[in-house]
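J.: Let me begin by handing over the structure; questions about it come next.
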Amino acid sequence: MIMKKSIKPKLPETLPQINVGKKGLCENVVREIDRQLDDKEYVKIRFLRSALAVEGVDRRKLAAKLASMLNARIIDVRGLTVTLYRRRRIYKG
């Protein structure tokens, strides 16, 4: 099992790759986050205040909901930015 402390220092200091806006966690946003997790193993997501209002929950609960939908782990929550991690899937095709 990979621990947060071993992953966090390896993450580059980049800007969030995905913004979740006024439509909240719609299917297209979740699909794009899933695709990026498959490609990179981690993704930074920024929740806009309108997304929190639409979903009706705070940022940590929204991050937990997203992580459970994608079978990912929350590495970091800072302000409205969340970093998720999931091991790459191995496709046998």
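Throughout, read-outs are computed from the coordinates displayed, never taken from laboratory work. Since this is a predicted model, take the numbers as computed values, not measurements. Because the Cβ atoms are built from the backbone with ideal geometry, glycine has one as well, and the counts that use them run over all protein chains shown.
J.: With no solvent and one point on each alpha carbon, what is the Debye value of log10 I(q)/I(0) for segment 16-93 at q = 0.14, 0.20, 0.23 Å⁻¹?
T.: Taken in order of the listed q values, log10 I(q)/I(0) reads -0.40, -0.79, -1.03.
J.: On to the next question. Given the Cα-Cα distance of residue 88 and residue 22 and 0.36 nm per residue of separation, how much length would full extension add, in nm? Before the final figure, lay out the partial values.
T.: Values: separation 66, 0.36 × 66 = 23.76 nm, distance 2.93 nm.
The span from residue 88 to residue 22 would gain 20.8 nm if fully extended.
J.: Using packing as a proxy for protection, rank 57-63, 23-29 so that the peptide with the highest average count of other Cβ atoms within 10 Å comes first.
T.: Going from most to least packed, we get 57-63, 23-29.
J.: For segment 39-83, what Kirkwood radius comes out of the mean inverse Cα-Cα distance, in Å?
T.: Values: mean 1/r = 0.0929 Å⁻¹.
Taking the inverse mean of 1/r over all distinct Cα pairs, segment 39-83 comes out at 10.8 Å.
J.: Along the Cα-to-Cβ line of residue 48, 7 Å from the Cα, sits a label point; which residues in segment 54-68 have backbone N less than 16 Å from it?
T.: 54-56
J.: At what distance in nm do the modelled label points of residue 40 and residue 65 sit from each other, each positioned 7 Å from its Cα along Cα→Cβ?
T.: Each label point is offset 7 Å from its Cα along the Cβ direction, giving 2.4 nm.
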